Structures are given as C-alpha cells and as structure tokens.
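Asks: Following this message is one structure expressed as structure tokens.
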Amino acid sequence: MPFSKLGLSDPIVKAISDAGYSKPTAIQKQAIPVILSGKDVVAAAQTGTGKTASFVLPIIERIQSRPIKRGKRIRVLILAPTRELAAQVEANVTKYRAHTDLTSMAIYGGVDDEPQKEQLIAGVDILVATPGRLLDLVHQRAVHFDELETLVLDEADRMLDMGFSGDIYKIIDRLPLQRQTLLFTATLTDDVRNLADEINNGALEITISPKAQTAATIEQYLIAIDKDKKSALLSHLITDQVWDQALIFIEKKHGAAKLVEQLAKRGIVAEAIHGGRSQASREKILANFKSGELKFLVATGIAARGLDIDELTRVVNYDLPFKPEDYIHRIGRTGRAGAAGVAVSFVALGDFKNLCAIESRLGHIIKRKEVEGFIVKKEVPVSILNYVTKHKRENAYQGSGGNNSSHQSRNGSSRSGQSRSRQDSKPVPSKSDSESSNQPFKWEKIKK
Ligand SMILES: Nc1ncnc2c1ncn2[C@@H]1O[C@H](COP(=O)(O)OP(=O)(O)O)[C@@H](O)[C@H]1O
Ligand SMILES: [Mg+2]
C-alpha cells in the first residue's frame, strides 16, 4: 500500500518519497488514518518501527491547510524525554514539512535559552520539547498554548521512567481541553496506560507486536562471563572478530568512562555518552558515531534510548539491563529498516535473576556462545522461564489462602508435594510448562 492511499496529500507524499520511504510501516498504516480523523490515539510499537512519521505526517496534513504564524502561539506540542530525542524528532518534522509553509523547532535544556525564546517570538507551528525546559520557558511567559490543537507524548514509557510525570501533568494543565492527544510508546506498561487514561479522550489503542517485528533480522546471543573479565572480553571480540561499529550499553556513567580507558589501553578508540556530559560534547560524539568516524560508543541506557542511528549492526549489553522492556528497546537499536543486526549480552552470575525475567518476557531462552580463552569461574545457570519473583510469589500466596503458609512459600516446597523439589526442577522448561505452572521453587540452588 502506498502512502498516498492513507489520505496524505501531495506535498507530504513528496516529502516521504524524498526521504526514500517506499511503503508505510505497520504502525504508520494503522495510526495515520486514525490520527487524520482527529481521534486520540495510544500507540505501542517497538523502537525503530517508524513511530515518529506515524504521528508527524498526519499532524502536518491536518494543520498545513491552515497555517497561522502568530508569535509565541504554537499549534502542535511534541514532548520527548531527552535532548537528543527532541532534536531527532524535530529533524524528522523538518524533513516531512519541507514542501509546506509550516515551521518547527526543538527546545531542550543544557543550552542557552535566548535563541530559543527569539525563535518562539517569531512564531512556530510545531514545537518539540523536553518537559523541563518547556516549563522553564512557560514560566518566563515565552510560550503560550491557547491555540494548541495537538499534543503528542513520544516515548511515553521513558518519560515516566525518567520521572517526568509531574512535569507532564503541569504542562497538560495549561493546555486547552479541546485538543487531540496522541501517546506513543515502545512498551505499554501499566504506568503508561494509567497516564493515557487520564489525559486522553476515548483514545483508540494500537499495538504492534514486537515479535513480528524483530524475529527475522536480529541475532541475539549471550556470553557468560565473570564480572572482572568483561572489558577484556569486549576488547577481544572487537579485535578478534574485526567489529566495524558497536553501541555498547553500560549501567553507570562512571563505569562508562572507565571502560573507555580500559579499551584505550588495548588500542581501541571509544567515546562515552551519558547524562554527565555537556550537550555540546554529547552531540559531537553522536554525530561522529553516526558518520562512522567513531566506531565504538559506550552509552548509559538513558542517554542512548530511542536514538536513531542508521545501519547499526551491533549492540552490546555490557551490563544486562534491569528491566525486560529495556532489553527489548536496546535490541530494537539493531536491524533497523530491515538491516541485519547482532545483539550480544554479557551475563555474570549476579545477572541471573534479570536474565530469567528477560527471557521469560521474550518467551524463549537466548542462545549462548562461548569464547575461547574466556572460561567462567562463576557459572551462570541456564534460565528458568517460569521464575517467579519473591514479590509475586508472596502476593500469589496471600491470594490463595488455605494450606500455604509463608514458610512454604519461601522455601518452595509444600507438604502436598505439588511444588517442584530441587531434583525434579528442569533447567529449561518448555513454554507450556512455564504457562501452566506458577509454583515457586528455589532457583538459587539449580545448577546447569
Ligand atoms: N516507511 C518507512 N520506510 C523506511 N524507513 C522508514 C519509514 N518510516 C520511518 N523510517 C525510518 O526508520 C527509522 C526509525 O524511525 P523512528 O521514527 O525513529 O522509529 P521509532 O520512533 O519507532 O523508534 C528512521 O531512520 C526513519 O527515517
Ligand atoms: Mg521514537
């Protein structure tokens, strides 16, 4: 199906063909007609599936026929969690509005606000902003929402993770009640649903399954490794397998700086991007990475989330993320636009619980590879897909009442003999096994 069949007019279809897109992605096919009809939408689709165009194109279509440029009056507000994402979304808006008279700009913190204020005074139709800087400018009366027609919350799950919910509500309180509200997210968590319920007006929910999107193009595997050997393993892989480029995710920002030093000692040039660096240096590093000049980028999860880096072939989870959603996001960095990608995760014994949670979310065990010369001292057991967290376990038992005492729920055995004992626990349960059984057991004792 071509873009023109979705109800988009010539100037927009032309911009799409300038961008080189031949057909709409799944989310674009579903979201564009609904947004054009003026309905509120909550849309969930994995990172890299073209969500930006799925809301920007119909928004431009709706407002292009009536361009009004009144100083400080904006018509569309798009909120994004980070400076990089705001800049990236605005770059897309600029591309898609090229054959219209509309204007756009991005505002975010970490840079001088004077030029931003000047541009707002001149008049902007579509404003892309991070919540913090936007509120600053609202308080300075540099931006007014009385002609706002559409609000978009992009990467809503991440905005909530980053603690922006208070700011989001403060902003929404200032917007006209009569408006179209669109919420885009990579994962539809309970928090995102609650936010959507509060701010939307009978929104239509669109969900594109991540499995259909990822399966074919991305190779995922794990390497079990002792914690203190991770940097040596990474250097070895880069050199031995002659890696072209890699985005390397690490948990902490001081860890990122340290890893860059450790790689440098082995003759590998890398740079780190994290919240502690200035906006200018983050932008420069990112530009170098995108151009291919910089081959290895070490990033904390938040700094790199949602970044659109073309033709990224390799992602490394140097540290396994704590949340399964984050794992899925990171994997979404590779294999974009149909290109093949590889996602390698380093797992140490301490990651076992996280690994179980991730694999149980994926619904399958991730393939493991061994690397010659790197023998693990602290073996990581094969995961158990029906691993039940302590929290869930206790809730389940509170709910079930009757025979199960709290003591039984902790040690995972019961007198009735229904629970798994250590001996009969299978290290790799089947899918149906994981669905049918939610009996607790003591995972710590299970060895490969
Ligand atoms: N219909 C399309 N055909 C080809 N590439 C597309 C299409 N729509 C978007 N893209 C490209 O896909 C990449 C990811 O899009 P983006 O909107 O950042 O994804 P998401 O917000 O879902 O993570 C971008 O480089 C974008 O230009
Ligand atoms: Mg996005």
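The values are calculated or read from the model by the stated rules, or taken from the named source; none is laboratory data. All values derive from a computational prediction rather than experimental measurement. Note: ideal-geometry Cβ built from the backbone for every residue, glycine included; neighbour counts use all protein chains shown.
Asks: Only one of these conditions is not met by V152: (1) closer than 30 Å to L36 by Cα; (2) part of a loop (DSSP other than H, G, I, E, B); (3) at pLDDT 90 or above; (4) under 17 Å from the mean Cα position of the chain (by Cα). Which number is it?
Replies: (2)
One line per residue, one yes/no per condition, for (1) surrounded by 14 or more Cβ atoms within 10 Å (Cβ to Cβ); (2) in a loop (DSSP other than H, G, I, E, B); (3) within 16 Å of ligand 2 (Cβ to nearest atom):
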site: G163; (1), (2), (3): no, yes, no
site: D167; (1), (2), (3): yes, no, no
site: T181; (1), (2), (3): yes, no, no
site: N194; (1), (2), (3): no, no, no
site: E198; (1), (2), (3): no, no, no
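Asks: Would you check which residues across region 113-142 are more than 28 Å from the chain's Cα centre (by Cα) and within 20 Å of S281 (Cβ to Cβ) and list them?
Replies: The one that is more than 28 Å from the chain's Cα centre (by Cα) and within 20 Å of S281 (Cβ to Cβ): P115.
Yes or no, residue by residue, for (1) in a loop (DSSP other than H, G, I, E, B); (2) out of contact with any Lys or Arg (no Cβ under 9 Å at 6 or more places or on another chain); (3) away from ligand 1 (no atom under 16 Å from the Cβ); (4) of a type in the set (V, I, T):
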| site | (1), (2), (3), (4) |
| --- | --- |
| M159 | no, yes, no, no |
| L175 | yes, yes, yes, no |
| I223 | no, no, yes, yes |
| I238 | no, no, yes, yes |
| H254 | no, yes, yes, no |
| I268 | yes, no, yes, yes |
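Asks: Looking at region 196-210, can you tell me whether even one residue there is without any contact (Cβ under 8 Å) to a residue 40 or more places away in the chain and under 30 Å from L312 (Cα atoms)?
Replies: yes
Asks: Given the residues E325, E359, which is the only one that is assigned to a helix (DSSP H, G or I) and at pLDDT 85 or above? Quick ask: steps written out before the conclusion?
Replies: Values: E325 fails: at pLDDT 85 or above.
Of E325, E359, the one residue that is assigned to a helix (DSSP H, G or I) and at pLDDT 85 or above is E359.
Asks: Do we have G71 as surrounded by fewer than 17 Cβ atoms within 10 Å (Cβ to Cβ) and either touching an Asp or Glu at 6+ places or on another chain (Cβ under 6 Å) or over 16 Å from H99 (Cβ atoms) (or both) here?
Replies: Numbers: surrounded by fewer than 17 Cβ atoms within 10 Å (Cβ to Cβ): yes; either touching an Asp or Glu at 6+ places or on another chain (Cβ under 6 Å) or over 16 Å from H99 (Cβ atoms) (or both): yes.
In short, yes.
Asks: Quick check on this structure: which one of A31, A26, A53, A43 is within 12 Å of ligand 1 (Cβ to nearest atom), surrounded by fewer than 23 Cβ atoms within 10 Å (Cβ to Cβ) and of a type outside the set (V, I, T)?
Replies: Values: A31 fails: surrounded by fewer than 23 Cβ atoms within 10 Å (Cβ to Cβ); A53 fails: surrounded by fewer than 23 Cβ atoms within 10 Å (Cβ to Cβ); A43 fails: surrounded by fewer than 23 Cβ atoms within 10 Å (Cβ to Cβ).
The conditions single out A26.
Asks: Can you tell me which of P81, P2 is farther than 25 Å from Y169 by Cα, of a type outside the set (G, A, S) and within 14 Å of ligand 1 (Cβ to nearest atom)?
Replies: Numbers: P81 fails: farther than 25 Å from Y169 by Cα.
Within the list P81, P2, the selection yields P2.
Asks: Within region 121-130, track down each residue that is crowded, with 18+ Cβ neighbours inside 10 Å and either farther than 15 Å from L148 by Cβ or out of contact with any strand residue (DSSP E or B) (no Cβ under 7 Å at 6 or more places or on another chain) (or both).
Replies: Restricting attention to region 121-130, the residues satisfying the condition of being crowded, with 18+ Cβ neighbours inside 10 Å are 124-130.
The one that is crowded, with 18+ Cβ neighbours inside 10 Å and either farther than 15 Å from L148 by Cβ or out of contact with any strand residue (DSSP E or B) (no Cβ under 7 Å at 6 or more places or on another chain) (or both): T130.
Asks: Do we have E147 as within 16 Å of ligand 1 (Cβ to nearest atom), of a type outside the set (G, A, S), outside the structural domain of Y318 (by TED's automatic domain parsing) and in contact (Cβ under 8 Å) with a residue 40 or more places away in the chain here?
Replies: On the way: within 16 Å of ligand 1 (Cβ to nearest atom): no; of a type outside the set (G, A, S): yes; outside the structural domain of Y318 (by TED's automatic domain parsing): yes; in contact (Cβ under 8 Å) with a residue 40 or more places away in the chain: yes.
In short, no.
Asks: Something else now. Pairs under 8 Å by beta carbon, first residue more than 14 Å from V298 (Cβ to Cβ) in region 265-281, partner modelled with pLDDT of 80 or more and of a type in the set (D, E, K, R), six or more apart or different chains?
Replies: Once the first residue is more than 14 Å from V298 (Cβ to Cβ) and sits in region 265-281, its partners that are modelled with pLDDT of 80 or more and of a type in the set (D, E, K, R) give Q279/R83.
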